[in-house]
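Accompanying notes for the structure given below.
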Amino acid sequence: MFLLLGEKVRTRSSPVGTHTCAVCKSEQVFSDHGETLWFAVFGLSLFPLEERAHYWRCENCLTAYKPRELEQPSSVPLVKDVVIYLLLGYDQQEQRPLADEICAKVTGFDFPDSEVRDLTRDIASGRLNVAELVRRYASSLNAIGKQQVIEAAFLAAYACCDIQYEDRLRINQIGSALDVGLEFVTYAIDEARRQKNYGIRRLPDIRTEV
Ligand SMILES: [Zn+2]
């Protein structure tokens, strides 16, 4: 017997009342969004395989939050992780004001010096695995949040070096951990460039290869 087996993504959305949005800084209507991958036969969903996305969204600014955790958008901790991870990779971990500037410009949220120090220590010691964190928390981000993480990664790399193939590869790998395609990564980088890199300047000792 011929069975047409496959997978299907099912989305759901339901209202969860009004809450204070940390971006709008006011009471807004929120909704709960979910995306689940289902095992399907002949196009009929039989049982769920995995939850691909689950977040709460402010219906005014469309910012995604981890459900019931509305102090900051779900993208903010990942933006911080990725920026510190890249600064460490370029041996620029002393550039703490740069980490704060990138986070503030991309997300609108500060990255205080003490937090930068603590996170740098944890990531440098291997206690926090950034790729694993990005994979684990990607499901609480929507496209806006994923774009912010990639823009922040690009800006950190841009500030530290003249972007070459391997630098772009690092950004692509972050995109892959976020479960987005290369077109999305390219789009996010182009957006950052369109914003004139948010005014982020290159560190003074960067040499430009000719
Ligand atoms: Zn909002």
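The values are calculated or read from the model by the stated rules, or taken from the named source; none is laboratory data. None of these values were measured; they are calculated from a predicted model. Positions of Cβ are generated from backbone atoms using ideal geometry, with glycine treated the same way; all protein chains shown enter the neighbour counts. Just the protein is used for accessible areas: all its heavy atoms, side chains included, with ligands, DNA and RNA removed. Shrake-Rupley method; radii C 1.70, N 1.55, O 1.52, S 1.80 Å.
Can you run down the residue pairs with Cβ atoms below 9 Å, 6 or more apart or on separate chains, where the first is in segment 54-66 and in the same structural domain as SER26 (by TED's automatic domain parsing) and the partner is within 8 Å of the ligand (Cβ to nearest atom) and of a type in the set (Phe, Trp, Tyr)?
Hits for this filter: zero, empty list.
When the residues of segment 87-116 are filtered to those that are of a type in the set (Gly, Ala, Ser) and open to solvent by 40 Å² or more (accessible area, probe 1.4 Å), which remaining residue is modelled with the lowest pLDDT? First the steps, then the outcome.
Our first condition is that a residue be of a type in the set (Gly, Ala, Ser); within segment 87-116, this holds for 89, 99, 104, 108, 114.
From the residues that got through so far, the ones that are open to solvent by 40 Å² or more (accessible area, probe 1.4 Å) too are 89, 108, 114.
Working: GLY89: 93, GLY108: 97, SER114: 97.
Among them, the one singled out is GLY89.
How about segment 6-24: which of its residues are open to solvent by 80 Å² or more (accessible area, probe 1.4 Å), hydroxyl-bearing (Ser, Thr, Tyr) and out of contact with any Gly (no Cβ under 9 Å at 6 or more places or on another chain)?
The answer is THR18, and nothing else.
Residues checked against (1) away from the ligand (no atom under 16 Å from the Cβ); (2) within 14 Å of ILE174 (Cβ to Cβ); (3) assigned to a helix (DSSP H, G or I); (4) of a type in the set (S, T, N, Q):
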position: LEU62; (1), (2), (3), (4): no, no, no, no
position: PRO73; (1), (2), (3), (4): no, no, no, no
position: ASP81; (1), (2), (3), (4): yes, yes, yes, no
position: ILE84; (1), (2), (3), (4): yes, yes, yes, no
position: GLU94; (1), (2), (3), (4): yes, no, no, no
position: ASP110; (1), (2), (3), (4): yes, no, no, no
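One residue is enough: does segment 73-86 have a residue meeting the conditions open to solvent by 50 Å² or more (accessible area, probe 1.4 Å) and more than 15 Å from the chain's Cα centre (by Cα)?
If we filter segment 73-86 for residues that are open to solvent by 50 Å² or more (accessible area, probe 1.4 Å), which is where we start, we get 77, 85.
Pick out the ones that are also more than 15 Å from the chain's Cα centre (by Cα) and you get none.
Within segment 73-86, none of the residues are open to solvent by 50 Å² or more (accessible area, probe 1.4 Å) and more than 15 Å from the chain's Cα centre (by Cα).
Can you tell me how many residues within segment 15-35 are closer than 27 Å to ALA177 by Cα, among the small types (Gly, Ala, Ser) and more than 9 Å from the ligand (Cβ to nearest atom)?
The number of residues fulfilling the criteria is 2.
Any chance segment 195-207 includes a residue that's free of Cβ contacts under 8 Å to residues at least 40 places away in the same chain, buried (at least 16 other Cβ atoms within 10 Å of the Cβ) and not assigned by TED's automatic domain parsing to the domain that holds GLU35?
The answer is no; no qualifying residue exists.
Please work out if GLU69 is open to solvent by 30 Å² or more (accessible area, probe 1.4 Å), under 16 Å from SER139 (Cβ atoms), within 16 Å of the ligand (Cβ to nearest atom) and free of Cβ contacts under 8 Å to residues at least 40 places away in the same chain. Don't jump to the end; show me each part of the working.
Working: open to solvent by 30 Å² or more (accessible area, probe 1.4 Å): yes; under 16 Å from SER139 (Cβ atoms): yes; within 16 Å of the ligand (Cβ to nearest atom): yes; free of Cβ contacts under 8 Å to residues at least 40 places away in the same chain: yes.
So GLU69 passes the test.
Has segment 134-148 got at least one residue that is touching a residue at least 24 places away in the same chain (Cβ under 8 Å) and part of a loop (DSSP other than H, G, I, E, B)?
Looking for residues that are touching a residue at least 24 places away in the same chain (Cβ under 8 Å) and part of a loop (DSSP other than H, G, I, E, B), one finds at least one in segment 134-148, hence yes.
List the pairs whose first member sits in segment 172-191 and is in a helix (DSSP H, G or I), whose second member is open to solvent by less than 50 Å² (accessible area, probe 1.4 Å) and not hydrophobic (A, V, I, L, M, F, W, C), and whose Cβ atoms are under 6 Å apart, counting only residues at least 6 apart or on separate chains?
Between residues of segment 172-191 that are in a helix (DSSP H, G or I) and residues that are open to solvent by less than 50 Å² (accessible area, probe 1.4 Å) and not hydrophobic (A, V, I, L, M, F, W, C), the close pairs are VAL185/ASN172; VAL185/GLY175; ALA188/GLN147; ALA188/GLU151.
Among (1) closer than 19 Å to ASN197 by Cα; (2) within 16 Å of the chain's Cα centre (by Cα); (3) among the basic types (Lys, Arg), there is one condition ARG96 misses while meeting the rest; what is its number?
It is condition (2) that ARG96 fails.
So is TRP38 touching a strand residue (DSSP E or B) at 6+ places or on another chain (Cβ under 7 Å), within 16 Å of the ligand (Cβ to nearest atom), among the aromatic types (Phe, Trp, Tyr) and open to solvent by less than 70 Å² (accessible area, probe 1.4 Å) or not?
Working: touching a strand residue (DSSP E or B) at 6+ places or on another chain (Cβ under 7 Å): yes; within 16 Å of the ligand (Cβ to nearest atom): no; among the aromatic types (Phe, Trp, Tyr): yes; open to solvent by less than 70 Å² (accessible area, probe 1.4 Å): yes.
For TRP38, the condition - touching a strand residue (DSSP E or B) at 6+ places or on another chain (Cβ under 7 Å), within 16 Å of the ligand (Cβ to nearest atom), among the aromatic types (Phe, Trp, Tyr) and open to solvent by less than 70 Å² (accessible area, probe 1.4 Å) - is not met.
Just to check your reading of the model, which residue among VAL180, VAL130, VAL134 is within 19 Å of the chain's Cα centre (by Cα), surrounded by 14 or more Cβ atoms within 10 Å (Cβ to Cβ) and over 25 Å from GLU71 (Cα atoms)? Spell out the reasoning first.
Working: VAL130 fails: over 25 Å from GLU71 (Cα atoms); VAL134 fails: over 25 Å from GLU71 (Cα atoms).
Every option except VAL180 fails the conditions.
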